[in-house]
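In what follows, a structure is listed as structure tokens, so that the remarks can point back to it.
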Amino acid sequence: MIGDVLVSSIICNNLKKAYPQASIDYLVYEATTPVLEGNPNIDRIILFEKKHRKNNLAFLQLAWQIRKEQYDLVIDAYSKLESWLFVFLSGAKRKISYKKPGRSFLYTDNLPFTAYPKTNLGLAIERRLSLLKPLNLDINIDPLPKLFVSEHEDQQAQALFAQHKVNPNRKTVMISLIGSEPSKTYPLEYMAQIINFIAEKYDVNLLFNYFPKQIEQAQKVYDLCSERTKSKIYFDLLGPDLRSFIAIMNQCDLIVGNDGGAINIAKSLGKSSFIIFSPWIEKKIWATFEDGHQQVSVHLNDFKPDLIRQYSEKELKNLTPELYQEFKPELFFSQFDHFLQENLSHDIAQVKLSVVPIKLPLSALIITYNEEKHIKEVLQDIDFAEEILVIDSFSTDKTIELVRSFPKAKLIQNKFVDYSTQRNFAIECAHNPWILFIDADERFTDELREEVIETIQKPDACSAYLFYRIFYFKNEHLHFSGWQTDKIFRLFQKDKARYVTERLVHEKLKVNGRVGKLKHKLIHYSYTDYESYKDKMVSYGKLKAKEEMSKGVRPNFFHFYLHPAYKFLYQYLVRLGFLDGQKGIIICYLNALSVAVRYRELKKMRANL
């Protein structure tokens with residue numbers, strides 16, 4: 001609970017930053033308050049005590065106390081039965097929480113419960129920050145949980161170090177020895193091996209973090225250590241309470257060991273950490289600010305994923321003792337040694353935690369020709385991809401110049417033959433296992449971007465995904481005219497899909513494997529003005545003529561007159577183009593024009609044989 005309360009305090013910190021005159025209250029379990037002491041962003045801590053959990057009357061009295069405060073805003077970062085009842089009874093004007101089945105009626109704003117992280121913040125922080133999105137705060141969001149240690153507390157910790165004769169010329173490593181429960185505690189014999197590894201390679205002070213009731217386990221680890229290691233361990237250097245531990249941790253240089261409250265405290269104090277996760281805990285949630293240097297974590301799934309992937313969380317928890325035995329220290333000793341070298345070899349006053357997007361195995365591809373109107377915006381839209389490739393057909397406008405001004409984009413020029421060939425060429429140039437194809441006149445919504453990021457991280461992802469599209473006509477939504485059910489492949493695994501070469505336009509993707517659909521839609525600004533859309537339709541018609549030529553089609557009266565008329569009437573009447581008014585007439589006419597051009601061009605080709 002300490003980690004949860006500390007991480008959730010970032011909501012209070014940012015609310016106070018945005019609304020300095022507001023009163024910010026925080027309802028927490030009574031045992032967790034030490035991590036909130038001295039926080040100037042919290043005006044009042046409301047305690048949820050044991051009596052409130054055990055006694056219905058006491059619970060209702062607390063709920064009534066909360067209701068009397070007449071809060072303007074309640075943010076529920078807990079989203080469990082107890083908090084639902086408080087929210088329901090609060091009478092607050094605005095209530096924000098995660099979107100979960102059967103309880104959305106309790107809240108005015110229901111936020112998606114994100115399944116996959118988008119940055120190295122980890123889901124624990126990203127999910128909490130998402131609760132601030134409906135407020136549109138006009139501030140730079142600070143994602144770092146903070147602890148506040150007084151000068152007096154620092155002095156007491158320093159005196160304790162002096163009392164235990166801790167060597168001031170050596171760096172000090174805190175060992176997060178025992179987890180909050182057995183299923184979160186790395187095997188003690190393995191932990192002793194890790195401590196021996198540190199002591200044998202580095203001249204450091206070693207402190208053990210444990211509660212008095214855990215002294216037998218701590219003593220067992222100590223007894224398993226070598227005599228040389230024992231000489232560096234200050235076994236009895238403990239504080240009487242959590243605030244004392246915080247002050248002691250503030251005197252240390254880094255922390256190593258089991259995930260838990262101690263790790264979160266260390267990070268909030270700006271300390272480096274090396275975390276060993278339990279096999280049943282999801283690393284993506286609590287591996288916060290991971291950067292591979294000062295914040296590093298390991299999980300059995302990193303080394304032996306086959307032992308993990310087939311089980312549910314509940315099954316993994318039951319299997320934890322056996323799985324822990326497979327998680328031998330030698331699996332990560334080289335990674336651990338690199339971490340120690342980086343963080344013990346020079347002085348680091350305070351670790352600077354940075355936020356970086358997760359490196360996604362995704363290549364975003366665009367094929368272009370004279371797209372200066374769109375290229376800048378679309379490149380900004382797909383900046384979340386690890387690789388961006390622009391395959392240009394020797395544009396004569398400012399497209400090339402604009403692409404080169406975008407640091408992440410790589411420009412490749414290739415002569416245009418047809419759309420399918422150009423797209424397959426682009427795929428071959430990509431280096432990542434996932435491909436995102438986007439046209440220059442298409443745009444992502446925030447929701448679609450997040451859905452793509454989550455989708456490609458799923459272990460059971462499909463081979464390819466269809467996107468539904470919203471069409472815009474001169475910046476106005478086109479509701480009908482045949483486009484209301486339009487969908488197109490835009491995301492797929494590189495080794496499982498290619499474009500059929502027989503189709504020169506309106507390309508067809510051949511997929512090897514399962515096909516899925518994304519629920520959020522892609523915006524398509526296909527029609528900006530009459531002439532540009534007409535040129536596009538004429539171009540498509542000429543390419544379709546080449547397709548028909550290769551199939552041996554001989555145009556006749558039907559192709560020249562009835563097929564274009566049918567195209568117009570089908571889109572205008574059957575596909576409800578008439579409901580789009582004048583723009584519906586234009587769109588249906590230009591699509592019919594493309595059909596007429598196709599067979600006119602085909603006739604010319606056959607005449608030239």
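The values are calculated or read from the model by the stated rules, or taken from the named source; none is laboratory data. Please read all numbers here as calculations on a predicted model, not as lab measurements. Note: ideal-geometry Cβ built from the backbone for every residue, glycine included; neighbour counts use all protein chains shown. Accessible surface is based on the protein model in full, side chains and every heavy atom, while ligands, DNA and RNA are left aside. Shrake-Rupley method; radii C 1.70, N 1.55, O 1.52, S 1.80 Å.
For the structure I just gave you, tell me whether ILE194 is of a type outside the set (S, T, N, Q) and either modelled with pLDDT under 95 or closer than 16 Å to GLY261 by Cα (or both). Spelling it out, it is not the case that ILE194 is of a type outside the set (S, T, N, Q) and either modelled with pLDDT under 95 or closer than 16 Å to GLY261 by Cα (or both). One residue is enough: does the stretch 151-163 have a residue meeting the conditions of a type in the set (A, V, I, L, M) and either part of a loop (DSSP other than H, G, I, E, B) or within 17 Å of the chain's Cα centre (by Cα) (or both)? Scanning the stretch 151-163, I find no residue that is of a type in the set (A, V, I, L, M) and either part of a loop (DSSP other than H, G, I, E, B) or within 17 Å of the chain's Cα centre (by Cα) (or both), so the answer is no. Among the candidates LYS201, LYS184, LYS230, LYS220, the residue that is under 26 Å from LEU147 (Cα atoms), of a type in the set (Lys, Arg) and open to solvent by 10 Å² or more (accessible area, probe 1.4 Å) is uniquely LYS184. Just one of the numbered conditions (1) touching a Pro at 6+ places or on another chain (Cβ under 8 Å); (2) open to solvent by 30 Å² or more (accessible area, probe 1.4 Å); (3) modelled with pLDDT of 95 or more is not true of LYS99: (3). Among the residues of the stretch 70-111, the ones that are more than 17 Å from TYR26 (Cβ to Cβ), touching a strand residue (DSSP E or B) at 6+ places or on another chain (Cβ under 8 Å) and of a type outside the set (D, E, K, R) come to 7 in all.
Test SER463 against the criterion of being modelled with pLDDT under 80 and either farther than 24 Å from ILE427 by Cβ or in contact with a strand residue (DSSP E or B) (Cβ under 6 Å, 6 or more places away or on another chain) (or both), and give yes or no.
It is false that SER463 is modelled with pLDDT under 80 and either farther than 24 Å from ILE427 by Cβ or in contact with a strand residue (DSSP E or B) (Cβ under 6 Å, 6 or more places away or on another chain) (or both).
Under the condition of being under 22 Å from the mean Cα position of the chain (by Cα) and among the aliphatic types (A, V, I, L, M), the residues counted in the stretch 1-36 number 5. Of everything in the stretch 179-204, what is part of a helix (DSSP H, G or I) and not hydrophobic (A, V, I, L, M, F, W, C)? Give them in sequence order. Listed by number, the residues that qualify are PRO182, SER183, LYS184, GLU189, TYR190, GLN193, ASN196, GLU200, LYS201. Among the residues of the stretch 111-161, those identified as touching a Ser or Thr at 6+ places or on another chain (Cβ under 7 Å) and among the basic types (Lys, Arg) are ARG127, ARG128, LYS146. Residue count for the stretch 362-388, restricted to those that are open to solvent by 50 Å² or more (accessible area, probe 1.4 Å) and either in a helix (DSSP H, G or I) or closer than 28 Å to HIS293 by Cα (or both): 5.
For LEU207, the criteria (1) part of a helix (DSSP H, G or I); (2) in contact with a Leu (Cβ under 7 Å, 6 or more places away or on another chain) hold in every case but one, which is (1).
If you go through the stretch 102-141 and keep only what is touching a residue at least 40 places away in the same chain (Cβ under 8 Å), open to solvent by 40 Å² or more (accessible area, probe 1.4 Å) and among the polar types (S, T, N, Q), you end up with nothing. Screening the candidates LYS496, LYS487, LYS510 for the property of being of a type in the set (D, E, K, R), within 26 Å of the chain's Cα centre (by Cα), at pLDDT 90 or above and surrounded by fewer than 18 Cβ atoms within 10 Å (Cβ to Cβ) yields one hit, LYS496.
Just give me the residues in the stretch 11-50 being assigned to a helix (DSSP H, G or I), within 26 Å of GLY260 (Cα to Cα) and basic (Lys, Arg), in sequence order. Once the filter is applied, which keeps residues that are assigned to a helix (DSSP H, G or I), within 26 Å of GLY260 (Cα to Cα) and basic (Lys, Arg), the stretch 11-50 yields only LYS50. Consider the stretch 50-69 and keep the residues that are open to solvent by less than 70 Å² (accessible area, probe 1.4 Å) and among the hydrophobic types (A, V, I, L, M, F, W, C). The one that is farthest from ASP25 (Cα to Cα) is ALA58. If you take the residues of the stretch 364-412 that are of a type in the set (Ser, Thr, Tyr) and out of contact with any Phe, Trp or Tyr (no Cβ under 7 Å at 6 or more places or on another chain), which of them is nearest to ARG449 (Cα to Cα)? Per the stated criteria, the residue is THR368. Is it true that GLU30 is open to solvent by less than 70 Å² (accessible area, probe 1.4 Å) and at pLDDT below 90? The answer is no for GLU30. When the stretch 151-181 is filtered for residues that are buried (at least 19 other Cβ atoms within 10 Å of the Cβ) and at positive phi, nothing remains.
Considering only residues that are outside any helix (DSSP H, G or I) and modelled with pLDDT of 70 or more, look in the stretch 555-609 and name the one that is most open to solvent (accessible area, probe 1.4 Å). So, considering only residues that are outside any helix (DSSP H, G or I) and modelled with pLDDT of 70 or more, the one most open to solvent (accessible area, probe 1.4 Å) is ASN608.
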